[in-house]
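Before any comments, here is the structure.
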Amino acid sequence: MTVVTNIDDLKQIYRRRAPKMFYDYAESGSWTEQTFRENVSDFEKIYFRQRVAVDMVNRSTKTQMIGQDVAMPVALAPVGLTGMQCADGEIKAARAAEKFGVPFTLSTMSICSIEDVAENTTQPFWFQVYTLKDDDFMRRLFERARAANCSAIVITVDLQLMGQRHKDLKNGLSAPPKLTLKSMADMMTKIHWGLGMLGTKRRFFGNIVGHAHGVKDPASLGSWTTEAFDQSLDWKRIAKFREMWGGKVIIKGILDPEDAKMAAKIGADAIIVSNHGGRQLDGALSSIRALQPILDAVGDKIEVHLDSGIRSGQDVLKAVAMGAKGTYIGRAFTYGLGAMGEAGVTKALEIIHKELDMTMALCGHRDITEVSPDILLLPEDFAGDWA
Ligand code: GLV
């Protein structure tokens, strides 16, 4: 049995345990996957300044995201189909997050429904919505999220249409998986996964099936997005969603300072600098490169968070030292979940926390709220000097 010491160990176990279709769904970017790769490799271009002989006793990674206490500046990102990576996956991930003291964000494209997660957890979680055409469906989603005591809404604004991920098309991705010779041959080798799935009734898109009308193929992500997503979206409509919800709002999918200013203008509580894990516009900048110009534009007006590319506590520290008030892990917790269920998500959080805490100490700091760009060595043209 492997001694799990880092996020990549979890990924290797996950790869052996989850059906290929769902592993590929998580581990894909769109088209050439350039942005997907650079989200990770650009973090490696930033270095730390080591400091020595500084008192490192009594350290704390505690801080706040949108006014909520967090054990470290890391939330679980909304990830579609989490309940296909492991039976009842969203409930397991939410439980691990609440025990650890970090926010869990439920995706609209989850398998467990909002109600399912609320009934099986004790802390308020965040709920992610897409920008859909159907106002009634949006209103009902907000009502359901309110009834479930969700403490914030995360509005994804970078998915008016869905990026093409080649592997999903080749694998015929669906939830539940369509039974073909190829998918059955693969699933027969994933015994633990299969037993879990046989033991749960949660195998469909729980927030959509039975709630959205006129969806032709409710098992296919691609067909639902084509039918339901609003390609005519504008900021007025995003402001309208904010009013419909009436509580805290986080806008996810900002890569440009001009869009960041618009999000601040409509009164959002936070933005997430994100390229959707490299799953939407391939060829866009990595999130960590896009961060600085956005902080310069709105850092004093709105909380700026970051996702896409975080695989370690060092990555968290780099983003936070630059000025992000919080970060999100999507793939990193999914690897843990697919590898070992709830315990695997806890393991992913423990790994990231330990890396964050130790790296902060070796940079000469004891309190995450006090780190600054001072601890970093950033390449001069990191944010780019584009014509
Ligand atoms: C959904 O948001 C996805 O990226 O698959």
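Points worth noting:
Listed here are the residues, each with its yes/no results for (1) buried (at least 16 other Cβ atoms within 10 Å of the Cβ); (2) of a type outside the set (Phe, Trp, Tyr); (3) touching a residue at least 24 places away in the same chain (Cβ under 8 Å); (4) in a loop (DSSP other than H, G, I, E, B).
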site: PHE22; (1), (2), (3), (4): yes, no, yes, no
site: ASN39; (1), (2), (3), (4): yes, yes, yes, no
site: ARG51; (1), (2), (3), (4): no, yes, yes, yes
site: ALA87; (1), (2), (3), (4): yes, yes, yes, yes
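- The condition of being free of Cβ contacts under 8 Å to residues at least 60 places away in the same chain and closer than 16 Å to ALA75 by Cα holds for only one of ILE271, ILE310, that being ILE271.
- Only a single item in (1) within 16 Å of the ligand (Cβ to nearest atom); (2) under 22 Å from LEU141 (Cα atoms) is not met by ILE66, and it is number (1).
- Within the stretch 108-160, tally of residues that are within 18 Å of ASP269 (Cβ to Cβ), open to solvent by 10 Å² or more (accessible area, probe 1.4 Å) and either among the small types (Gly, Ala, Ser) or in a helix (DSSP H, G or I) (or both): 2
- Filtered residues of the stretch 165-208 (kept if over 17 Å from ILE91 (Cα atoms), assigned to a loop (DSSP other than H, G, I, E, B) and open to solvent by 30 Å² or more (accessible area, probe 1.4 Å)): GLY172, PRO176, LYS178, LEU179, THR180, MET188, THR189
- Positions within the stretch 217-252 being closer than 22 Å to TYR25 by Cβ and in contact with an Asp or Glu (Cβ under 7 Å, 6 or more places away or on another chain), in sequence order: SER223, ALA228
- Residue in the stretch 278-301 that is in a strand (DSSP E or B) and open to solvent by less than 40 Å² (accessible area, probe 1.4 Å) present: no
- Taken as a whole, the structure places MET109 among residues that are within 16 Å of the ligand (Cβ to nearest atom), within 29 Å of ILE351 (Cβ to Cβ) and of a type outside the set (Ser, Thr, Tyr).
- Which listed residue, of ALA343, ALA324, is closer than 19 Å to THR61 by Cα and either touching a helix residue (DSSP H, G or I) at 6+ places or on another chain (Cβ under 9 Å) or of a type outside the set (Asp, Glu) (or both): ALA324
- Members of the stretch 257-277 that are part of a loop (DSSP other than H, G, I, E, B) and buried (at least 21 other Cβ atoms within 10 Å of the Cβ): ALA268, SER274, ASN275
- Filter pass, ILE13 being more than 15 Å from the ligand (Cβ to nearest atom) and either under 30 Å from ASP269 (Cα atoms) or open to solvent by 40 Å² or more (accessible area, probe 1.4 Å) (or both): no
Yes/no matrix, rows are residues, columns are (1) within 20 Å of the chain's Cα centre (by Cα); (2) within 16 Å of the ligand (Cβ to nearest atom); (3) over 22 Å from ARG279 (Cβ atoms); (4) of a type outside the set (A, V, I, L, M):
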position	(1), (2), (3), (4)
LYS133	no, no, no, yes
CYS150	yes, no, yes, yes
ILE155	yes, yes, no, no
LYS170	no, yes, no, yes
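The values are calculated or read from the model by the stated rules, or taken from the named source; none is laboratory data. What you see is a predicted model, and the numbers here were worked out from it, not measured in a lab. With ideal geometry, Cβ positions are generated from the backbone for all residues, glycine too; neighbour counts draw on all protein chains shown. Accessible surface areas use protein heavy atoms only, side chains included; no ligands, DNA or RNA. Shrake-Rupley method; radii C 1.70, N 1.55, O 1.52, S 1.80 Å.
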